Structures are given as C-alpha cells and as structure tokens.
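Presented below is the structure to which this report refers.
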Amino acid sequence: MLDVFGQNDKIVKKWNFKGTHTDDFFGIPATGKMVDIDGVTLVKMKNGKIAQEQDFMDNMLFMTQLGMLSNPENTCIVDNLYKAFAVGDIPSVLSTMDANIVWNEAEGNAYADGNPYIGPDPILNAVFARLGADHEYYNLTDIQLHEMSNDQVLATLRYDAKLKENGVLIDAQAAHLWTLKDGKVIGFQQFVDTNQLADTLSK
C-alpha cells in the first residue's frame, strides 16, 4: 500500500503490485513474466465496514508486462531501423540493438557461417560489412510491419540487390522476425529462400 486517503464514507487506496506470473491467472497460463504495476482502489464504507470496492489499473500495461500484448513503440523502433538502413546510417541501426542481441541469418545463407552473432559489433563486421563488400547495392523494398505478441515484430519484404562478382540481380522475398525488450532489439531471425540466393552466386 502506497497511500490511503478519503472523506466520510469514501476511501481511496493507492497501491503497487509486483510479482512473477507462475500459475494460471484468470485463464492466462503461467508466463514466468515479472509484473510491476500501480493502481488505485475506491472503497465505500458503511457502518464501519467495507460495503464496496472497485479496482483501477492500466490493464494494457499489465497485459504487456505479461507478454500478452506488445509495446506499441516496437513497430516504430523497427520502422526507424529500416529507414536508417535505407540511407546507409548504420550507426543508427546499431544503436537500436541491445548489447547482447542474438542475430541469426537464415540457415544456408552464406552469412549464417557465424550464427548466432552476439552483440552489435559482430553483426556490423560479419553481416553488414560483407553485404557492402559483396554487392553494388543492397536495398530492402516493399517492407510491411506486423505487430506480434511477446514484443515481436514481423517484417515481410524483398531484397533488391546486385552482386559485384557476377553482376547478377537479386529479387528475393524475405521475412525478418524482430524481438524487442525495453525499447531495444534483443533478437533477429531471417527467413529467406537460401537456394535462390545461392543460385545467384553460381550464375
């Protein structure tokens, strides 16, 4: 209890609730998530006893902390990341990443040889730098963002690129699954037809 105040037969209780969701909670299976939320309770007294109570709290925040809803800012963070990549602002792209981000290229992709990449520096050196060295240009087009639960954002897009080695053009459908926490990207998983990408190298 943080505070209690009132007048006559009406009382307001201000409280904070902290805990770990380890069991079924009003039909929601255990998530193992920590919750920390403030709320108030309106109390109506009668003859020295509680006659009625009504609780108020930010249910959207509560469900977000349980992982049932995603932070609405996640999509904006990922959108800004793609916009920074489009203009070659790699420092801004890296600034969205958590220090311990786990990055996975699609299995079979040439850049998957270091999976998983942990932290922004390995991603910069082993993925972004190689993309720049291997391609005359490398663009991401037709990007559509889809907000998911558990603080994830799915991006569907296309790769529009040209290889330096043989001049072959690349037009490939792909998907990126981003996982965020506290405003930072903590996970990335690429999905793409790696056979299609491999074929471009052999032409």
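Quick look at the numbers
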| item | result |
| --- | --- |
| Segment 104-146, subset touching a residue at least 60 places away in the same chain (Cβ under 8 Å) and of a type outside the set (A, V, I, L, M, F, W, C), residue farthest from A172 (Cα to Cα) | N104 |
| Residue that is hydrophobic (A, V, I, L, M, F, W, C), more than 18 Å from the chain's Cα centre (by Cα) and surrounded by fewer than 17 Cβ atoms within 10 Å (Cβ to Cβ), where the choices are I90, I118, I77 | I90 |
| Close pairs from segment 86-103: first of a type in the set (F, W, Y), partner assigned to a strand (DSSP E or B), Cβ under 8 Å, at least 6 apart | W103/Y117; W103/I118; W103/G187; W103/F188 |
| Breaking point among (1) farther than 30 Å from A133 by Cα; (2) in contact (Cβ under 8 Å) with a residue 24 or more places away in the chain, for Q54 | (2) |
| Out of D151, D121, D182, sole residue that is out of contact with any strand residue (DSSP E or B) (no Cβ under 6 Å at 6 or more places or on another chain), of a type in the set (D, E) and on the phi > 0 side of the Ramachandran plot | D182 |
| In segment 33-55, the residues that are within 30 Å of G67 (Cα to Cα) and surrounded by 10 or more Cβ atoms within 10 Å (Cβ to Cβ) | K33, M34, V35, D36, I37, D38, G39, V40, T41, L42, E53, D55 |
| Residue in segment 95-105 that is closer than 12 Å to W178 by Cβ and at pLDDT below 95 present | no |
| Residue within segment 14-29 that is under 21 Å from the mean Cα position of the chain (by Cα), at pLDDT 90 or above and surrounded by 15 or more Cβ atoms within 10 Å (Cβ to Cβ) present | no |
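The values are calculated or read from the model by the stated rules, or taken from the named source; none is laboratory data. Computed from a predicted model, the values in this text were never measured in an experiment. Cβ: placed from backbone, ideal geometry, glycine included. Neighbour counts: every protein chain shown.
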